[in-house]
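> My questions all concern the structure below.
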Amino acid sequence: MKHVLIITGGHLNIEFAKAYCKTLSYDKVFAVDKGLEYCQELDLIPDYIIGDFDTVRREVLQYYERKIQKQELSAILQRHPEKKDATDTELAVTLAVEQEAEYITLLGATGSRLDHVFANIFLLKMAISKGVVMEIADETNRIQILEGNSRSHCSICKSQQHGTYISLVPLTEQVEGVTIEGVEYPLTDATIYQMSSYTISNQITADKVDVSIKKGTILVVESRDALM
């Protein structure tokens, strides 16, 4: 299994998601709790339905349960208890990793619950530690991760940039050997530090930006200002 699209139950702008999904080539769709409602709105057929189902509307869940029972849908439904040691989203990402996904796109992973947002961002680190590239995307941000002893390089074409800005956010105390080319403020073999905003709000000036690091862990965030 190459590319898994996970739709989870945070904020999701449906118009953005429709357009973004058209740019993807995915092999499996995982619907996570309220993400099942989003799948229905997006006309996506889930391969797995995962969660404790405390946020999805009951009638939506029952609709898919009936389709599975009638063998009109081949999805596998995994029901988990509400009291557990992992979020529904983590369970979905873990399942995708176990099924040897090479790339994961996570939609619906942001919103007003900052505890869930931060937990989802750190799932990027869990995935990359297993050799799986993962991105989180919404209408104003796309987030990837680089790790010096794993995936240490990424390229972004200006024509495919997700917004106006590109920022590097250190997750480790320091990140060494940081090189970023094709931007307004390039760096070569620099060291950046966790408590600094030094590498926030750069802009792509060339046809392609290249980011690489030698040691440490960093978030690569493409972003735009929200429309008011």
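Each reported figure results from applying straightforward, stated rules to the coordinates on display, with no laboratory input. Keep in mind the model is a prediction, meaning the values are calculated, not measured. Positions of Cβ are generated from backbone atoms using ideal geometry, with glycine treated the same way; all protein chains shown enter the neighbour counts.
> Working only within segment 36-46, note down all residues that are within 17 Å of residue 93 (Cα to Cα) and surrounded by fewer than 19 Cβ atoms within 10 Å (Cβ to Cβ).
none
> List, please: which pairs have Cβ atoms under 6 Å, are six or more places apart or on different chains, and start with a residue in segment 48-70 that is aromatic (Phe, Trp, Tyr) and end with one that is in a loop (DSSP other than H, G, I, E, B) and crowded, with 16+ Cβ neighbours inside 10 Å?
The qualifying pairs are 53/33.
> Another question, then. Which residue out of 155, 150 is among the polar types (S, T, N, Q), assigned to a loop (DSSP other than H, G, I, E, B) and farther than 27 Å from residue 11 by Cα? Spell out how you get there, then give the answer.
Working: 155 fails: assigned to a loop (DSSP other than H, G, I, E, B).
Just a single option satisfies the conditions, and that option is 150.
> Return only the number of the condition from (1) assigned to a loop (DSSP other than H, G, I, E, B); (2) closer than 21 Å to residue 12 by Cα that residue 120 does not satisfy.
Of everything listed in (1) assigned to a loop (DSSP other than H, G, I, E, B); (2) closer than 21 Å to residue 12 by Cα, residue 120 misses just condition (1).
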